[in-house]
Amino acid sequence: MAETKSTQPIITFDKVNKWYGNNFHVLRDIDLSVAKGERIVICGPSGSGKSTLIRCINRLEEHQQGHLIVDGVELTDDVKAIDQVRKEVGMVFQQFNLFPHLTVLENLTLSPMWVGKMPKKEAEEKAMIQLKRVRIAEQAGKYPLQLSGGQQQRVAIARALCLKPKIMLFDEPTSALDPEMIKEVLDVMIAMADEGITMLCVTHEMGFAKAVADRVIFMDQGQIVEQNNPHDFFNNPQSERSKDFLSKILGH
Amino acid sequence: MNATTFQPIPARPAPVNTEGPVAWVKSNLMGDWKTTLSTVLIGAVLLWYVPQIINWAFITASWAPRYEACSAEGVGACWGVITEKYRIILFGRYPYEEQWRPLIATTLLTGLLVASCMRRFWHLWLPLMWLAVLTIFFALMYGNFGGLTKVETDRWGGLPLTILLSSLSLVLCFPIALVVALGRRSKLPAIRSFCTIYVELIRGVPLISVLFMASFMFPLFMPQGTQIDVLLRVLVGITLFAAAYMAEVIRGGLQAIPKGQVEAAATLGLSYWQTQRMIVLPQALAMVVPGIMNNFISTFKDTSLVTIVSLYELTGALKLGINSDANWRPFIIEGYFFIALIYFVFCFSMSRYSRWVEKQVNKSKLR
């Protein structure tokens, strides 16, 4: 698997530190490099910094120390650099964050039209392709709140894909969904994984991790405790902390 | 082991009838002995008073413009005062023979106001129409060209003044309020504190004192010889006053927008202004339509305070017209009923319009 991928990492964390306020040290000396096309699942107890970690990648959160380079651009206060990185990075949130006052189709065409300056017709055609891809094309004219949670999350994925991102970030994409809807979202994500987009996914769906992840990262207290391929991580965790965590989430 | 098939129980109608007029009366008017008792009591009071009011207002009322008829024994309301004085109530101190000018000007402005509320007129040329109508309004009212005599702004009055002051201050205060509301949430401390100070200063004083300052104090600080029209000064005063309140209403809406909306917009690459214009403001404003309309209505009525600086709008013109005439002075209450009706028509239309707007903006929330 690793041979087919470029050796140049697409994301590099170099001793990244982040604090909320003065005393809450949320990311501690993070070193991580992600290869192009790599699919990474990040798990860990709540408050361990996993969401913050991926939110640093598109600068929804700022880091205070260290270097973070995404697709050759270092993230600093420079607004141009941030804009450039955000063009390459799509994100899917736990709470979907669709725009409730716009139809599904308008949610998808908004950014291509206003940021990408694409003509409306072309933007709508491309949006319909993405909606078909997440199997929800027939809902294009509805408003987000008229859809089920699973459908909304699939729209959110399609919206992110409309920007043709090189990297996709998923922040607990199935945590707000009813059990019956989790599968339809995971199916879409698994289909995406075969298309070579670099994916970083915060999730506790261990089945998904086993099916698509190249690497599982386990975090606790702002640090990366352990990282390994899914098979070894689940069957033979190295640290006591990951063993304990796995026994809790797989124990029943 | 055999799997049992799931068989849904068919839906049945409710055992007690809950729809229709009979059920409504039963549950709302005659629910138990307490509601029945209050229904009877309130019904009795209405039966006692409503005929008396109708009798006073219509049956024994005097409609002729003769004050002697009104003073006669057993006469109810004296609507003659309106028939006699409606010109001065509606147009104030504007010269009597020239009152066709404010009539046309006000009709135009009111028509434009109504048109601006309708979706089918929301085109790019609407602001141009405003510019055109306002120009005509001022030209007609002020005159001093093509044979029209000059009428100074301090003689403008009555309904034209009320409508001019309220429509201009409402139209102008809205954009100011938007900017101030956004400014109070800005990341830049200078902008944030400037907006906060503005809002707190204006909210800290009554409108009357703002008008007083605009009208009497402000000229003292101007260099000798410069004159700013009193109407303009008052207009600026009302606008700035209304904008401060409006800004707070809008800020309430802004605060109700979840952080995730802005984050999603950021990940899609939208700029700050694009995010505000297309994501945050449409949702925030939709949420505070009732509050905005509340402010509009209250500003509309607050224009009656300009009497304090000798501008005689509707309320002022009524007092001016009737108090100056000893014969009609006892019947000013009927005059108040008359202008109350005018105020009510405007305010009630605004309130109905706000309901319509609410329905429009909440379409996306229907399931």
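Across region B:246-253, a minimum of one residue is classified as under 30 Å from residue A:87 (Cα atoms) and within 14 Å of chain A (Cβ to nearest Cβ).
Scanning region A:139-162 for residues that are free of Cβ contacts under 8 Å to residues at least 40 places away in the same chain and within 12 Å of chain B (Cβ to nearest Cβ) yields a count of 4. Note on region B:1-44: residues that are surrounded by fewer than 10 Cβ atoms within 10 Å (Cβ to Cβ) and β-branched (Val, Ile, Thr) amount to 5. Could you say whether any residue in region B:190-207 is more than 29 Å from residue B:302 (Cβ to Cβ) and either modelled with pLDDT of 95 or more or surrounded by fewer than 14 Cβ atoms within 10 Å (Cβ to Cβ) (or both)? Among the residues of region B:190-207, at least one is more than 29 Å from residue B:302 (Cβ to Cβ) and either modelled with pLDDT of 95 or more or surrounded by fewer than 14 Cβ atoms within 10 Å (Cβ to Cβ) (or both), which makes the answer yes. Just one of the listed residues (B:282, B:330) is away from chain A (no Cβ under 14 Å) and either farther than 30 Å from residue A:55 by Cα or in a helix (DSSP H, G or I) (or both), and it is B:330.
Given the condition of a type in the set (Ser, Thr, Tyr) and closer than 19 Å to residue B:176 by Cβ, answer yes or no: does some residue in region B:299-320 qualify? Yes, that holds for at least one residue.
All conditions in (1) touching a residue at least 24 places away in the same chain (Cβ under 8 Å); (2) not in a strand (DSSP E or B) hold for residue A:16, with the sole exception of (2).
Applying the criterion of at least 1 residues that are closer than 20 Å to residue B:318 by Cβ to the helices (runs of 4 or more DSSP H) found wholly in region B:7-99 leaves B:67-71, B:80-91. Within region B:334-367, the set of residues being closer than 17 Å to residue B:67 by Cβ and in contact with a Cys (Cβ under 9 Å, 6 or more places away or on another chain) comprises just one member, B:334. Consider region A:68-120 and keep the residues that are part of a loop (DSSP other than H, G, I, E, B) and facing chain B (nearest Cβ under 7 Å). The one that is farthest from residue A:143 (Cα to Cα) is A:115. From the set of residues in region A:32-65 that are surrounded by fewer than 16 Cβ atoms within 10 Å (Cβ to Cβ) and closer than 20 Å to residue A:83 by Cα, which is nearest to the chain's Cα centre (by Cα)? Here the residue is A:62. Counting only residues that are in a helix (DSSP H, G or I) and surrounded by fewer than 18 Cβ atoms within 10 Å (Cβ to Cβ), region A:194-244 holds 10 of them.
Each residue in region A:137-171 was checked for being within 11 Å of residue A:105 (Cβ to Cβ) and either among the hydrophobic types (A, V, I, L, M, F, W, C) or part of a loop (DSSP other than H, G, I, E, B) (or both), and 8 of them qualify. Flag: residue B:271 does not match the condition of being more than 25 Å from residue B:205 (Cα to Cα) and away from every other protein chain (no Cβ under 13 Å). Condition test on residue A:182, is it in a helix (DSSP H, G or I), modelled with pLDDT of 90 or more and within 17 Å of residue A:88 (Cα to Cα)? In short, no.
For region A:55-67, a tally of residues being within 12 Å of another protein chain (Cβ to nearest Cβ) and either part of a strand (DSSP E or B) or out of contact with any helix residue (DSSP H, G or I) (no Cβ under 6 Å at 6 or more places or on another chain) (or both) returns 2.
Every test in (1) part of a strand (DSSP E or B); (2) within 14 Å of another protein chain (Cβ to nearest Cβ); (3) among the polar types (S, T, N, Q) is passed by residue A:52 save one, and that test is (1).
Here the condition is being surrounded by 13 or more Cβ atoms within 10 Å (Cβ to Cβ), at pLDDT 90 or above and either closer than 20 Å to residue B:105 by Cα or not hydroxyl-bearing (Ser, Thr, Tyr) (or both); of B:230, B:180, it holds for B:180 alone.
Residues in region A:123-162 that are of a type in the set (A, V, I, L, M, F, W, C) and either touching an Asp or Glu at 6+ places or on another chain (Cβ under 7 Å) or crowded, with 21+ Cβ neighbours inside 10 Å (or both): A:123, A:127, A:131, A:134, A:136, A:155, A:156, A:157, A:158, A:160, A:161, A:162. Quick one: is residue B:319 free of Cβ contacts under 8 Å to residues at least 40 places away in the same chain, basic (Lys, Arg) and within 14 Å of another protein chain (Cβ to nearest Cβ)? For residue B:319, the condition - free of Cβ contacts under 8 Å to residues at least 40 places away in the same chain, basic (Lys, Arg) and within 14 Å of another protein chain (Cβ to nearest Cβ) - is not met.
Can we say residue A:136 is touching a helix residue (DSSP H, G or I) at 6+ places or on another chain (Cβ under 7 Å) and either closer than 23 Å to residue B:275 by Cβ or within 13 Å of another protein chain (Cβ to nearest Cβ) (or both)? It is false that residue A:136 is touching a helix residue (DSSP H, G or I) at 6+ places or on another chain (Cβ under 7 Å) and either closer than 23 Å to residue B:275 by Cβ or within 13 Å of another protein chain (Cβ to nearest Cβ) (or both). Going by the conditions given, is residue B:174 surrounded by 15 or more Cβ atoms within 10 Å (Cβ to Cβ) and aromatic (Phe, Trp, Tyr)? Spelling it out, residue B:174 is indeed surrounded by 15 or more Cβ atoms within 10 Å (Cβ to Cβ) and aromatic (Phe, Trp, Tyr). Any chance region B:353-364 includes a residue that's hydrophobic (A, V, I, L, M, F, W, C) and within 24 Å of residue B:110 (Cα to Cα)? For region B:353-364, residues hydrophobic (A, V, I, L, M, F, W, C) and within 24 Å of residue B:110 (Cα to Cα): present. Just one residue in the set B:324, B:351, B:364 is without any contact (Cβ under 8 Å) to a residue 12 or more places away in the chain and surrounded by 14 or more Cβ atoms within 10 Å (Cβ to Cβ); that residue is B:364.
With the checklist (1) within 14 Å of chain A (Cβ to nearest Cβ); (2) in a helix (DSSP H, G or I) in hand, flag the one item residue B:290 doesn't pass. Unmet for residue B:290, out of (1) within 14 Å of chain A (Cβ to nearest Cβ); (2) in a helix (DSSP H, G or I): (1). Can you name every residue in region B:228-267 that is touching a helix residue (DSSP H, G or I) at 6+ places or on another chain (Cβ under 8 Å), in a loop (DSSP other than H, G, I, E, B) and free of Cβ contacts under 8 Å to residues at least 12 places away in the same chain? If the condition is that a residue be touching a helix residue (DSSP H, G or I) at 6+ places or on another chain (Cβ under 8 Å), in a loop (DSSP other than H, G, I, E, B) and free of Cβ contacts under 8 Å to residues at least 12 places away in the same chain, then B:228 is the only one that fits. In summary, residue B:306 fulfils each of the numbered conditions (1) surrounded by fewer than 20 Cβ atoms within 10 Å (Cβ to Cβ); (2) in a helix (DSSP H, G or I) with the single exception of condition (1).
The values are calculated or read from the model by the stated rules, or taken from the named source; none is laboratory data. These numbers were taken from a predicted model, which means no experiment stands behind them. Neighbour counts are summed over all protein chains in view; Cβ atoms, including those assigned to glycine, are modelled from backbone coordinates with ideal geometry.
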